[in-house]
Amino acid sequence: MSLRPIKRLVKAKPTLEGAGVHLRRAFGFGNTSDFDPFLLLDDFRNERPEDYLAGFPWHPHRGIETITYVLAGTVEHGDSIGNQGAIAAGDVQWMTAGSGIIHQEMPKGEQNGRMHGFQLWANLPSSLKMTPQR
């Protein structure tokens, strides 16, 4: 097995997303070619409910997959094809947007206010961009 050298270190940037959620974006800004096929990586770790409760109201995705991993708290999810539920601590949700989907993600912290998770966006290959949503 050969080891690849570290090319560069990238510091996550504080970012406001959705309806005002404070998070840290490791990549997904500027040139993302070094991360291909990944488009974005967000860390939504927070201890202040006012910084995340507004969540990510209904919005579209197309041609990508989102992978959400929750470590603390829950994220309530719903989408335009009828799926709904809560992603709890230790859960992973994989959503294929394919030809297009509208969804919402609403974080709900633990009783003490703590919320923590990650979301990764993966670009679908061109041959799968119009695949059915799931």
**Q.** Set of aspartates and glutamates with alpha-carbon distance to residue 7 below 12 Å, sequence-local pairs under 8 removed
**A.** 34
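For a footprinting-style exposure proxy, rank 9, 71 by other Cβ within 10 Å, fewest first.
Details: 9 5, 71 15.
Listed from fewest to most nearby Cβ atoms, that is 9, 71.
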Q) One-quarter of the Cα convex hull surface for the chain, in nm²? A) 9.5
Q. Hey, what do the phi angles of segment 88-103 turn into as Karplus ³J(HN,Hα) couplings, whole Hz, using 6.51/-1.76/1.60 and θ = phi - 60°, x for Gly and Pro?
A. 9, 3, x, 8, 10, 10, 10, 10, 9, 6, x, 6, x, 8, 10, 8
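If we count other beta carbons within 10 Å of each Cβ, what is the order of 2, 33, 99, fewest first?
Fewest-to-most ranking of 2, 33, 99: 2, 33, 99.
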Q: For segment 17-23, take each phi angle, set θ = phi - 60°, evaluate the Karplus expression 6.51 cos²θ - 1.76 cosθ + 1.60, and give the result in whole Hz per residue in order, putting x for glycine and proline.
A: 9, x, 8, x, 7, 7, 8
Q: List, in order, the whole-Hz ³J(HN,Hα) value for each residue of segment 40-56 obtained from phi through the Karplus relation with A = 6.51, B = -1.76, C = 1.60 and θ = phi - 60°; use x for Gly and Pro.
A: 7, 9, 10, 10, 9, 8, 7, 10, 10, x, 5, 8, 9, 5, 5, x, 10
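Need the full-extension length gain, residue 54 to residue 80, defined as separation in residues times 0.36 nm minus the C-alpha distance. One decimal, nm. Walk me through the numbers before you get to the answer.
Numbers: separation 26, 0.36 × 26 = 9.36 nm, distance 1.97 nm.
Value of the extension gain: 7.4 nm.
First select every other residue whose beta carbon is under 12 angstrom from the beta carbon of residue 27; then total the charges, Lys and Arg +1, Asp and Glu -1.
On the way: positive: 8, 11, 13, 24, 25; negative: 34, 36, 42, 43.
Neighbour charge sum, excluding residue 27 itself: +1.
Every number here is computed from the coordinates shown, using simple stated rules; none is lab data. Keep in mind the model is a prediction, meaning the values are calculated, not measured. All Cβ positions, glycine included, derive from the backbone under ideal geometry; neighbour counts span all protein chains shown.
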